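Read through the structure below, which is laid out as structure tokens, and then see the notes.
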Amino acid sequence: MEKVSKAITSETIFAKDKLKANFLKKGISIALFSGLMYGFYSAFLTMGMKKGVWADWYGDNTAGLSAIVITYVLAALGSAVNDTCSSIWAMGYATFKGKLGDFFRCLKTKPGAVMILAALIGGPISSTAYVVALQMAGSIVIPITALCPAIGAILGRILFKQKLNKRMIAGIGICVLSSFMIGSTSIGSDAPKGMFLGLCIAFIAALGWGFEGCVAGYGTSMIDSEIGITIRQATSGLSNLLILVPLFGLLFGGGVKFSTGLTVEAFTSGPAMIWFALSGLCAFVSYMSWYNGNSMCGAALGMACNGTYSFWGPFCCWLVLGVMGGMQGWNLPIIVWVGAVIMMFGILVIAMNPMELFRKKEAA
């Protein structure tokens with residue numbers, strides 16, 4: 001009897017370990033998928049801002065828009081259209097899952113307020129800075145924005161006294177080194193005009209997303225991640241559309257009426273809205289996959305897997321805009337690809353000891 005009991009116990013432990021390993025692998029796959037979706041979100045968003053009425057605004061400028069309006073107001077509007085589409089997808093998903101009531105109830109709670117704060121930082125500020133940087137310097141800015149995990153680790157140490165050990169410091173150093181490698185392409189006489197400023201603005205996006213990650217981590221620890229995503233996307237879309245775009249129109253375009261006219265034109269431009277619908281969907285799926293992956297493989301490893309968008313972003317932009325769209329200027333220097341891969345490794349080092357991956361594989 002004792003031998004049978006030990007055999008059953010051994011089989012149970014083996015089955016449990018195997019189930020745990022499969023669960024971890026599935027979580028890693030979902031988190032990696034979030035990085036891929038973020039790459040396609042970037043590509044589809046950029047494509048949308050080159051179609052329909054956007055082509056007139058950015059093209060021969062028959063609309064007579066000033067340079068500052070084209071650079072900042074249109075970028076804010078592009079971010080607003082994308083985030084609004086993303087929020088519609090999120091609300092539709094919450095309705096399908098029967099969680100719409102929970103969404104409205106969570107808005108009145110402290111964790112809901114925290115998620116709103118995180119969305120205000122990551123939406124109007126970081127998302128708009130990201131779009132501005134994309135329009136100014138192209139997909140080269142994407143690896144720079146992937147510095148957000150490193151920035152989040154530093155801010156977590158400063159704001160919440162979270163531990164920052166030697167391994168994490170080394171990872172941050174690797175990320176900074178890779179950002180210098182990427183940024184070196186903006187120095188010199190052959191660098192495109194506006195690239196350096198675009199990279200600087202991309203860093204603002206990374207700073208905002210790093211802060212958002214610190215704040216949102218608190219909120220999602222107490223509410224359903226799917227509800228948290230819906231709050232985040234809805235807040236970002238509405239704040240961009242109802243606050244930032246009118247404010248930019250007032251500051252740079254001559255009044256709220258001006259920005260309202262641009263907004264109506266943007267939402268009624270069919271050829272562009274097809275791509276914005278796709279970018280909004282990919283943005284929603286990316287965030288949802290990120291949160292789900294984090295819950296399955298841990299926030300640290302999930303963050304590292306999501307950080308692979310530093311590679312997928314430029315790749316998807318090259319694929320969608322360069323290959324499929326036939327647009328020039330989406331090929332990147334070899335040093336950018338190398339820097340992106342190094343940054344992915346740096347993010348992994350911040351999140352965890354890379355040797356743990358091999359140990360878990362052996363244990364599986």
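Annotations for the structure displayed:
- Scanning the range 90-105 for residues that are open to solvent by less than 20 Å² (accessible area, probe 1.4 Å) and either in a loop (DSSP other than H, G, I, E, B) or among the small types (Gly, Ala, Ser) (or both) returns Ala90, Ala94.
- Odd one out for Lys108, checked against (1) part of a helix (DSSP H, G or I); (2) modelled with pLDDT of 80 or more: (1)
- Whenever a residue of the range 262-289 is over 16 Å from Ala55 (Cβ atoms), its partners that are part of a helix (DSSP H, G or I) and open to solvent by 60 Å² or more (accessible area, probe 1.4 Å), lying with C-beta atoms within less than 6 angstrom and at least six residues away or across chains, give the pairs Gly280/Trp89; Leu281/Trp89; Phe284/Trp89; Ser289/Phe33.
- Residues located in the range 267-289, provided they are of a type in the set (A, V, I, L, M), modelled with pLDDT of 95 or more and open to solvent by less than 60 Å² (accessible area, probe 1.4 Å): Ala272, Met273, Ala277, Leu281
- Contacts under 6 angstrom Cβ, first residue in the range 42-55 being under 21 Å from Ser126 (Cβ atoms) and surrounded by 24 or more Cβ atoms within 10 Å (Cβ to Cβ), partner among the small types (Gly, Ala, Ser) and at pLDDT below 95, 6 or more apart: Ser42/Gly313; Met49/Gly78
- Each residue in the range 43-61 was checked for being modelled with pLDDT of 90 or more and either on the phi > 0 side of the Ramachandran plot or hydroxyl-bearing (Ser, Thr, Tyr) (or both), and 2 of them qualify.
- Pairs meeting the criteria (first residue in the range 86-106 and in contact (Cβ under 8 Å) with a residue 60 or more places away in the chain and aliphatic (A, V, I, L, M), second residue open to solvent by 40 Å² or more (accessible area, probe 1.4 Å) and assigned to a helix (DSSP H, G or I), beta carbons under 9 Å, at least 6 apart or on different chains) are Met91/Leu100; Ala94/Leu100; Ala94/Asp102.
- Meets criteria (open to solvent by less than 20 Å² (accessible area, probe 1.4 Å), modelled with pLDDT under 90 and over 25 Å from Ala277 (Cβ atoms)) for Gly64: no
- In the range 321-332, the residues that are under 15 Å from Ser42 (Cα atoms) reach residues that are part of a loop (DSSP other than H, G, I, E, B) with C-beta atoms within less than 6 angstrom, at least six apart or across chains, in these pairs: Leu321/Met327; Leu321/Trp330; Gly322/Trp330.
The values are calculated or read from the model by the stated rules, or taken from the named source; none is laboratory data. Everything numeric here is computed off the predicted structure, so don't read it as measured data. Positions of Cβ are generated from backbone atoms using ideal geometry, with glycine treated the same way; all protein chains shown enter the neighbour counts. We work out accessible area using only protein heavy atoms, side chains counted, and drop any ligands, DNA or RNA first. Shrake-Rupley method; radii C 1.70, N 1.55, O 1.52, S 1.80 Å.
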